[in-house]
Each structure stands twice: as C-alpha cells, then as structure tokens.
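J.: Below you will find the structure I want to go over with you.
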Amino acid sequence: MIPPLTRSLYGLGLRRPHHDLFLAGNVPVDFVEVISENFMVDGGRPADVLARVRQHHDVVLHGVSMSLGTATGLDAAYLSRLKQLADAIEPLWVSDHLAWTGIDGVNSHDLLPIPYTEEALTIVCRNIEQAQAALGRPLLVENPSTYLAFRASRMTEWEFLAALVQRTGCALLLDVNNIHVSGHNHGCDPLAWLDGIPWDAVRQLHLAGPSQGADGLLIDTHDTPVPEPVWDLYAEVRRRAGPVAVMIERDDDIPPLADLLAELDRARAVDAKVSL
C-alpha cells in the first residue's frame, strides 16, 4: 500500500482554462490531478503541458475508464499506455473508480454501478491485482456516486471497499461529494458510511458539487461549488482521517482559478479548526 502521508496536501484539477496559470508556476497548491485518459497520448500539446506543469507540482493520475468492475479482465493495451504515462510523470499515485464503463470494447463514458456481492468482489479484486501488477505500483480506488441499488447486494459499499483494501493492498480515494450524493439518493446515513471505512487506507479526498436531477435525485456533475452539506460532511471526515491529499474537483462550468483556490482555502480552514 502507498505509505501514509506525513502532512496533508491541497490541490486542484488541472483543467484547460487554467493551463497557462499553472505553466507560470505560481499557483499555491501542493499537487494537481489530471484525467489520465486525456494525457495517454504520444506527444502533442497535452503531453507537453503536463510535463511542464510537473516541473512545478506533484501530479496525481485519475482515470475514468479502467473499468475495475468488468467481468472479462482489464484492457492490457490501456494498462500499457497508462504505465507509460505514469513512468514518465512519476505521479504521487494512480487512481480510478469502483465501477465498470463498458463491454466488448464499447466505452459507455459513464461510471456504471456494480452489485456488492462476493462474486463481484472477487472480480474487482482480480482486476485491481492485474492493474497493480501491470503498473508496478499500488492503486487508489474511489467510491462512486450511484443512483440505483442492486437487490442482489449482500454488503454495504463501505464493507465492499474495506474488503478490497484487505485483499489487494490498494488504498482509497474518498470522494466526500459522492458519499453525500449516494446517501441522499439511497436514504443512507453518511455517518454510518464513515464509521465503516478503514481510515488507515485513505490517501486522498475529493470535494465537489452535485446538481439536482429528476425525481429528487442528486447527480454527480462536478459543475457547481461545494455545497454546505458536503462541507459539513468534510468536517466529519477530517475528524477521522489522518494526513491526506485534499482536492477541489471541478469538471464543467469551470470558474476563475481564484474561486477554486478560495474553496481550497476553506478546506484548509476546516482542517485547522478540526485539529484544534
């Protein structure tokens, strides 16, 4: 497993509207997170931007299409390209989601839910082990937002994640917004979720804002500021977690960089208050 951090880190996603500011090298963050697939290319501007930003900041690679829940094994070509990127960038770590994204070579471009069963657990553990062996490094697994539950599930999401950690040695990327979204959508107490997590395996946190969908559902859109319920839940998380990497995640309707830095400063302030 990735060794524990000695202090908390604070970062932002590297998004196109802010590339020039990051390239200037004076953005007050400890790290940037990038969507792995956007940089798994041979040369060109994306690779150049990332290499230059890497001169100033540590980098986290965050994937959206590894498809850890697929029943047919991971795409070896995908893992090879990801390894090339990781070897070139030397990220703090590589992460992806507890989800599946496609079948028979077709990518749905969505993070699809899995049932929390022993059979699914065996499949996901096998895939995590395949990824870790191919990459030559441990993986961080993120809890997804979900909008339906499977009748077949025989364990909670947090029990499933704890079992992944125990069986594979992976670590966790805890998305606080996703806990809020899934808890709202399924009527689940988020504090019960927090009580079941193996905190010694948590290395990173995501903070984001959802949107209101149909039928009362919250949708994980990453296109709004972090809302008050997520900030409240974040304070509860920080009472339980040790040093972690904290990131504001914004993927659409991207505001000026100063707005995101202000949210990151709020995360620092919450941490300082909780630690008193």
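The values are calculated or read from the model by the stated rules, or taken from the named source; none is laboratory data. Quantities reported herein were computed from a predicted structural model and do not represent experimental measurements. We place every Cβ from the backbone using ideal geometry, glycine too, and count neighbours over all the protein chains shown.
J.: Is it the case, given these coordinates, that Pro255 is within 16 Å of Leu9 (Cβ to Cβ), of a type outside the set (Ser, Thr, Tyr), out of contact with any Gly (no Cβ under 7 Å at 6 or more places or on another chain) and not in a helix (DSSP H, G or I)?
T.: When the stated conditions are applied, Pro255 does not pass them.
J.: For the range 58-72, state whether one or more residues are out of contact with any strand residue (DSSP E or B) (no Cβ under 9 Å at 6 or more places or on another chain), surrounded by fewer than 17 Cβ atoms within 10 Å (Cβ to Cβ), in contact (Cβ under 8 Å) with a residue 12 or more places away in the chain and not charged (D, E, K, R).
T.: To start, the set of residues in the range 58-72 that are out of contact with any strand residue (DSSP E or B) (no Cβ under 9 Å at 6 or more places or on another chain) comprises none.
No, that holds for no residue.
J.: A follow-up question, please. Quick test of your reading of the structure: Leu68 fulfils all but one of (1) touching a helix residue (DSSP H, G or I) at 6+ places or on another chain (Cβ under 9 Å); (2) within 21 Å of Val29 (Cβ to Cβ). Name the failing condition by number.
T.: (2)
J.: Further question on the same structure: Right, Leu260: surrounded by 16 or more Cβ atoms within 10 Å (Cβ to Cβ), farther than 25 Å from Leu61 by Cα and not acidic (Asp, Glu) or not? Can you show your working first?
T.: Values: surrounded by 16 or more Cβ atoms within 10 Å (Cβ to Cβ): yes; farther than 25 Å from Leu61 by Cα: no; not acidic (Asp, Glu): yes.
When the stated conditions are applied, Leu260 does not pass them.
J.: Another one. Any idea which residue in the range 54-97 is nearest to the chain's Cα centre (by Cα), counting only those that are small (Gly, Ala, Ser) and under 17 Å from Ile35 (Cβ atoms)? Explain how you work it out, then say what you get.
T.: If we filter the range 54-97 for residues that are small (Gly, Ala, Ser), which is where we start, we get 63, 65, 67, 69, 71, 73, 76-77, 80, 86, 88, 95.
Adding the requirement that they be under 17 Å from Ile35 (Cβ atoms) leaves 63, 65, 67, 86, 88, 95.
Working: Gly63: 8, Ser65: 12, Ser67: 14, Ala86: 16, Ala88: 21, Ser95: 6 Å.
Of everything passing the filter in the range 54-97, Ser95 is nearest to the chain's Cα centre (by Cα).
J.: Across the range 155-193, what is the number of residues that are free of Cβ contacts under 8 Å to residues at least 40 places away in the same chain, surrounded by fewer than 16 Cβ atoms within 10 Å (Cβ to Cβ) and assigned to a helix (DSSP H, G or I)?
T.: Residues meeting the conditions: 2.
J.: While we're here: If Ala131 satisfies every condition in (1) in a helix (DSSP H, G or I); (2) in contact (Cβ under 8 Å) with a residue 60 or more places away in the chain; (3) in contact with a Gly (Cβ under 9 Å, 6 or more places away or on another chain) but one, which is the exception?
T.: Of (1) in a helix (DSSP H, G or I); (2) in contact (Cβ under 8 Å) with a residue 60 or more places away in the chain; (3) in contact with a Gly (Cβ under 9 Å, 6 or more places away or on another chain), only one is false for Ala131: (3).
J.: Given the range 1-106, what helices (runs of 4 or more DSSP H) lie entirely inside it while holding 1 or more residues that are acidic (Asp, Glu) and under 30 Å from Ala267 (Cα atoms)?
T.: Because the criterion is at least 1 residues that are acidic (Asp, Glu) and under 30 Å from Ala267 (Cα atoms), the helices (runs of 4 or more DSSP H) in the range 1-106 that meet it are 19-23.
J.: In addition: How many of the residues making up the range 140-186 are among the small types (Gly, Ala, Ser) and under 16 Å from Gly216 (Cα atoms)?
T.: Residues meeting the conditions: 4.
J.: Taking interchain pairs and intrachain pairs at least six residues apart, which have beta carbon atoms under 6 angstrom, with the first residue in the range 136-154 and without any contact (Cβ under 8 Å) to a residue 60 or more places away in the chain and aliphatic (A, V, I, L, M) and the second assigned to a loop (DSSP other than H, G, I, E, B) and surrounded by fewer than 20 Cβ atoms within 10 Å (Cβ to Cβ)?
T.: Ala152/Pro115; Ala152/Thr117
J.: Report, by residue number, each residue of the range 209-240 that is modelled with pLDDT under 95 and among the hydrophobic types (A, V, I, L, M, F, W, C).
T.: Ala214, Leu217, Leu218, Ile219
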